[in-house]
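Derivation of every value follows stated rules applied to the coordinates shown; laboratory data play no part. From a predicted model like this one, the values you see are computed outputs, not experimental measurements. All Cβ positions, even for glycine, are placed from backbone atoms using ideal geometry, and neighbour counts span all protein chains on display.
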Amino acid sequence: MQKYSVFSLIKNAFSNHKNWDVAWKDPSPKSEYDVIIIGGGGHGLATAYYLAKEHNITNVAIIEKGWIGGGNVGRNTTIIRSNYMHDENGLFSEFGMDLWRKMSQDLNYNVMFSPRGIINLAHSDAQMNAYSRRGNSMRLNGIDAVLLNREEVKKIIPMADFSENVRFPIFGGLMQPSAGTARHDAVAWGYARQADSMGVDIIQNCEVIGFDVSNGQIKGIRTSKGNIKAKKIGLCVAGSTNILAEKLNMTLPIETHLLQACVSEPIKPILDNVVTFGAGHFYCSQSDKGEMVMGGDLDGYNSYSQRGNLPTLQHVLTEGIAMFPFLSKLKMLRTWGGIMDMSMDGSPIIDKTHIKGLYLNCGWCYGGFKATPASGWTFAHTIAQDRVHKLNAGYSLNRFSTGHLIDEKGLGTKTWIS
Amino acid sequence: MLYIKCPHCGLRSQNEFAYGGDATIKRPNLNQEISNTEWDNFVYLRKSPRGRHLEFWHHISGCRQWIKVDRDTATHEIFNTYKANEEV
């Protein structure tokens, strides 16, 4: 594989950039693989990459219904953080933060990781107490957390509404300075390019039609490009999890919902952090192009449409304007939606299943993008070793029936609880 | 914007309604031993199909009645609506 560097850039400039290698190939599927990953999103690509890199398993296929970068990995708001209170989420995400910091070097691909800090705003004394508790829990797990008072927040984001007579005055906030953003497309492309270079077959435009299971052991899949055999298969399909589960006669603690995001027209730099509104569900950052990147609540009812509905957008942006009044002057550039695998406790599932050789990675709710490297790393471990790693031991499939829920916020599919 | 025909009030905008989830889930009968699996099925497990989905909506800013809606989760087409106590 061609290494990307300033020297290769100069060298290729002499041939008018016409001789660059393709970033990944477009192979036809073989009849059998050691491992098949279904879903060529961020998590699937990362899983294949870590299977090859950490476990020397390179006879791997990624089966993708659409194209690389066309799903949720290209539809999120690019936020990366590990500001969780519970140990399972905190340790898992902080492990991921380390992978994020090294990612551009690891992948030889600039993912533009920008640790610009995230601030969760608090709007009451009670919320300050809750943030103080969460911040202390984070610090016990080695995650950086700073509790800011009103004046300190005002220094960082003076454009927020600090007037006295507002419905949700800003009391302060909890900041994780090491959190940030990254270029989401680059993450997909970087993982795809490296996985491909290590021998992984990335098969796009290939839909899974069914599974071959006999005696409780997975044998292979039936796809629109023919049958493919494998003894180990990983499901990594986010909002399509229930569709594939139905083909396996499985019922999961997952509902598929639509989450919207939007960007404004580009403006001069004004916001150099990620900021979330504490009295509702709204988050905002500014992209390198100058667009304000915004998101919030689910549309609120089961949906596979990948296209949002205006009442939710209006609701979310009303919260945005309450926080940053200047947003009301901006024009909307684009809005879009993605379908989310909402788990019942709001935390993900990375586990084995009752079918031998079938592994499940789903339930990412609002937080799939930032989990990409840690999800891929632990899922690769779970598949390669046929046992969960201690980092994803809490993300078990049976925790709902045993009562070991990870109720970080306890939201899951029921947005109105917040 | 969805427009939902409330069986009590007629066609109203989605803004008047709150969503209540899968309407085919049956609560286990009381006055008998209920296993953990039965509770698990009732509380957590959902089919969440792509296509027709029978679901509860609450006409919270209208007549405050719960209703059932037969809706396509991919196209949002609404085929029919029912009163909450109607068997579908």
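Helix-only mean residue ellipticity at 222 nm, the protein assembly as shown, DSSP H runs n ≥ 4 weighted -39,500 (n - 2.57), per residue, nearest 500. What is it?
-7500 deg cm²/dmol
Computed on the Cα atoms alone, the convex hull of chain B gives a volume of 105 cubic angstrom per residue.
Three principal axis extents describe the C-alpha atoms of the stretch A:295-404; from largest down they are 54, 26, 25 Å.
Pairs from the list A:Lys219/B:Lys47; A:Lys25/A:Lys247; A:Lys414/B:Lys47 with a Cα-Cα gap above 19 Å: A:Lys219/B:Lys47; A:Lys25/A:Lys247. Restriction of the GluC sites (Glu not before Pro) in the stretch A:142-176 to DSSP coil positions whose beta-carbon has at most 16 other beta-carbons within 10 angstrom yields A:Glu164. Rounded to the nearest 20 debye, the dipole size of the stretch A:58-114 about its Cα centre is 260 debye, using +1 on the Cβ of Lys and Arg and -1 on the Cβ of Asp and Glu. Using a Gaussian network model of chain A in which every pair of alpha carbons under 10 angstrom is joined by a spring, one finds that among A:Leu107, A:Leu360, A:Leu327 the greatest mean-square fluctuation is at A:Leu327. Taking amide H atoms as placed 1.01 Å from N in the peptide plane, list the residues 5 or more away in sequence, or in a different chain, whose amide H sits under 5 Å from that of A:Asn110. Excluding prolines and chain starts, which carry no amide H, there are no hits. Each other residue within a Cβ distance under 9 Å of A:Gly337 adds +1 if Lys or Arg and -1 if Asp or Glu, for a net charge of +1.
DSSP loop (so not H, G, I, E, B), at most 12 other Cβ within 10 Å: list which trypsin sites (Lys or Arg not before Pro) in the stretch A:287-391 pass both filters. Each step should come with its number before you reach the end.
On the way: sites: A:Lys289, A:Arg307, A:Lys329, A:Lys331, A:Arg334, A:Lys352, A:Lys356, A:Lys370, A:Arg387, A:Lys390; in loops: A:Lys289, A:Arg307, A:Lys331, A:Lys370, A:Arg387, A:Lys390.
Hits after loop and neighbour filter: A:Lys289, A:Lys331, A:Arg387, A:Lys390.
Couplings for the stretch A:255-270, taken from phi via the Karplus curve 6.51 cos²θ - 1.76 cosθ + 1.60 with θ = phi - 60°, read 10, 9, 10, 9, 10, 9, 9, 7, 10, 8, 4, x, 10, 4, x, 9 Hz in order; Gly and Pro are left as x. Note on the stretch A:228-332: dipole from Cβ charges, positive end direction compared against A:Asn242, A:Pro325, A:His315; the farthest Cα belongs to A:Asn242.
Quick one: in chain A, what % of C-alpha pairs are over 34 Å apart?
Working: 26253 of 87153 pairs.
Percentage above 34 Å: 30.
Hull volume per residue, based on the alpha-carbon atoms of the stretch A:1-64 and their convex hull, is 115 Å³. With the largest listed first and rounded to whole Å, the semi-axes of the equivalent ellipsoid of the stretch A:81-151 from the Cα gyration tensor are 27, 15, 8. Checking every one of the chymotrypsin sites (Phe, Trp or Tyr not before Pro) in the stretch A:327-375 against DSSP loop status and a limit of 12 other Cβ atoms within 10 Å picks out no site at all. As I understand it, the value is the acute angle between the Cα axis of helix A:372-385 and the longest principal axis of the Cα atoms of chain A; what does it come to in degrees, rounded to 10? Computed tilt is about 30 degrees. Of the residues A:Ile143, A:Ile36, A:Pro373, the one whose Cα sits farthest toward the positive end of the charge dipole of the protein assembly as shown, with +1 on the Cβ of Lys and Arg and -1 on the Cβ of Asp and Glu, is A:Ile36.
Mind grabbing the base-10 log of I(q)/I(0) for the stretch A:211-353 at q = 0.08, 0.12, 0.19, 0.21 Å⁻¹? Debye formula, identical points on the C-alpha positions, no solvent, two decimal places. Rounded to two decimals, the profile gives -0.34, -0.64, -1.08, -1.24. Comparing A:Ile349, A:Ile267, A:Ile62 in a Gaussian network model of chain A where C-alpha atoms under 10 Å apart are linked, the largest mean-square fluctuation is found at A:Ile267.
Treating the angle as unsigned and between 0 and 90°, give the value, to the nearest 10°, between the Cα long axis of helix A:310-323 and the longest Cα principal axis of chain A. In chain A, helix A:310-323 runs at an angle near 50 degrees to the longest axis. Rounded to the nearest 20, the size of the Cβ-charge dipole of the stretch A:1-72 about its Cα centre is 320 debye, with Lys and Arg at +1 and Asp and Glu at -1. Considering only A:Ala230, A:Ala188, A:Ala374, the Gaussian network model of chain A with Cα springs below 10 Å gives its largest mean-square fluctuation to A:Ala230. When +1 charges are put on Lys and Arg Cβ atoms and -1 charges on Asp and Glu Cβ atoms, the dipole computed for chain B relative to its Cα centre reaches about 220 debye. Rg and Dmax of the stretch A:123-168, both derived from C-alpha coordinates alone, stand at 12.6, 38 Å.
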